[in-house]
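Participant: Please see the structure below; I have some questions.
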Amino acid sequence: MHNPLEKKTKAEVAAEKLEEAIVDCLIEPGSVMTETEISEFLNLGRTPVREALMKLANENLVRLSRAGVVIPELNPMTMLKLLEPRSLIESLCIDKAIDRMNEADKREVEKVIVTLSQLDAEDRNSFMDVLRQMHHILAQSSKNEFILASIKTTQALSRRFWCYYATAKDQAYCTDLYIRQMNALLISDKDTALNASAELISYLQDFTKAQLEAFKSTH
């Protein structure tokens with residue numbers, strides 16, 4: 001997680017606020033906006049917003065076109081493709097995190113476990129917040145900046161799809177898997193952590209396929 005004393009640039013603030021709005025579906029998927037509209041939405045100047053848009057375009061969270069700034073629609077077929085590299089990246093991340101995580105990392109993992117354990121299955125906003133924290137902690141624990149960058153991209157897009165379609169039942173099931181995975185990390189149990197991750201990816205694949213028919217019927 002970010003150091004609260006760390007000074008962020010306006011562009012970094014703009015990128016974080018816009019990413020959160022897109023991932024949490026506060027901006028409707030499929031929307032087309034101008035830079036001015038986004039600046040007004042974020043209450044920030046156009047220069048930092050322009051920098052933020054370039055960054056988020058590289059992470060596939062927006063598309064920049066002559067029509068304006070396009071917020072990608074929620075395409076299940078795209079998400080199924082995304083789950084393929086996500087599976088490999090997460091497995092690598094867990095493997096390296098267990099090898100390299102320190103006591104400070106473990107304390108952050110413990111906080112996540114406590115928060116997840118106390119969450120109501122209907123509380124989507126808090127769940128999204130803790131997922132963001134958990135994936136960042138896991139990637140940081142790997143002590144590999146390339147894993148961190150890859151995790152950020154795949155997780156942001158996955159969280160957006162989840163936020164839009166998931167039910168309380170989906171959230172409860174995945175919360176249990178995340179807790180199992182995090183507890184395994186604390187005791188360096190790679191097999192259990194990797195198995196929980198594999199089960200989660202399998203669940204997400206089925207979850208995503210369930211949205212395919214409805215999507216195809218409208219396109």
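The values are calculated or read from the model by the stated rules, or taken from the named source; none is laboratory data. On a predicted model such as this, the values are computed, not experimentally measured, just so you know. Methodologically, a virtual Cβ is constructed for each residue, glycine included, from the backbone with ideal geometry; neighbour enumeration extends over all protein chains shown. Remember, those area values only see protein heavy atoms, side chains included, never the ligands or the DNA or RNA. Shrake-Rupley method; radii C 1.70, N 1.55, O 1.52, S 1.80 Å.
Participant: Those residues that are part of a helix (DSSP H, G or I), among the charged types (D, E, K, R) and free of Cβ contacts under 8 Å to residues at least 60 places away in the same chain, I need them from region 71-122; list them, please. Before the answer, list the steps.
Facilitator: First, the residues of region 71-122 that are part of a helix (DSSP H, G or I): 76-100, 103-118.
Those still in the list that are among the charged types (D, E, K, R) too: 81, 84, 86, 90, 95-96, 99-100, 103, 105-108, 110-111.
Answer for region 71-122, where residues must be part of a helix (DSSP H, G or I), among the charged types (D, E, K, R) and free of Cβ contacts under 8 Å to residues at least 60 places away in the same chain: Lys81, Glu84, Lys96, Asp99, Arg100, Glu103, Asp105, Arg107, Lys111.
Participant: Take the residues in region 1-60 that are among the hydrophobic types (A, V, I, L, M, F, W, C) and not in a helix (DSSP H, G or I), then tell me which one is nearest to Tyr164 (Cα to Cα). Explain how you work it out, then say what you get.
Facilitator: Our first condition is that a residue be among the hydrophobic types (A, V, I, L, M, F, W, C); within region 1-60, this holds for 1, 5, 11, 13-15, 18, 21-23, 25-27, 32-33, 38, 41-42, 44, 49, 52-54, 56-57.
Still in the running and not in a helix (DSSP H, G or I): 1, 5, 25-27, 32-33, 44.
On the way: Met1: 25, Leu5: 33, Cys25: 7, Leu26: 10, Ile27: 11, Val32: 18, Met33: 20, Leu44: 26 Å.
It comes out as Cys25.
One line per residue, one yes/no per condition, for (1) under 29 Å from Glu28 (Cα atoms); (2) out of contact with any strand residue (DSSP E or B) (no Cβ under 9 Å at 6 or more places or on another chain); (3) hydrophobic (A, V, I, L, M, F, W, C):
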| site | (1), (2), (3) |
| --- | --- |
| Gln118 | no, yes, no |
| Asp123 | yes, yes, no |
| Met128 | yes, yes, yes |
| Ser150 | yes, yes, no |
| Thr153 | yes, yes, no |
| Trp162 | yes, yes, yes |
| Asp191 | no, yes, no |
| Ala196 | no, yes, yes |
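Participant: Just give me the residues in region 56-72 being over 12 Å from Leu157 (Cβ atoms), surrounded by fewer than 20 Cβ atoms within 10 Å (Cβ to Cβ) and not small (Gly, Ala, Ser), in sequence order.
Facilitator: The answer is Asn58, Arg63, Leu64, Arg66, Val70.
Participant: Can you pull out the residues in region 41-55 that are closer than 21 Å to Cys25 by Cβ, open to solvent by less than 90 Å² (accessible area, probe 1.4 Å) and either over 16 Å from the mean Cα position of the chain (by Cα) or modelled with pLDDT of 95 or more (or both)? Step through it out loud before you land on a result.
Facilitator: Let us first name the residues in region 41-55 that are closer than 21 Å to Cys25 by Cβ, namely 41-44, 49, 52-53, 55.
Then keep just the ones that are open to solvent by less than 90 Å² (accessible area, probe 1.4 Å); that gives 42, 44, 49, 52-53, 55.
Passing the criteria: Leu42, Leu44, Val49, Ala52, Leu53.
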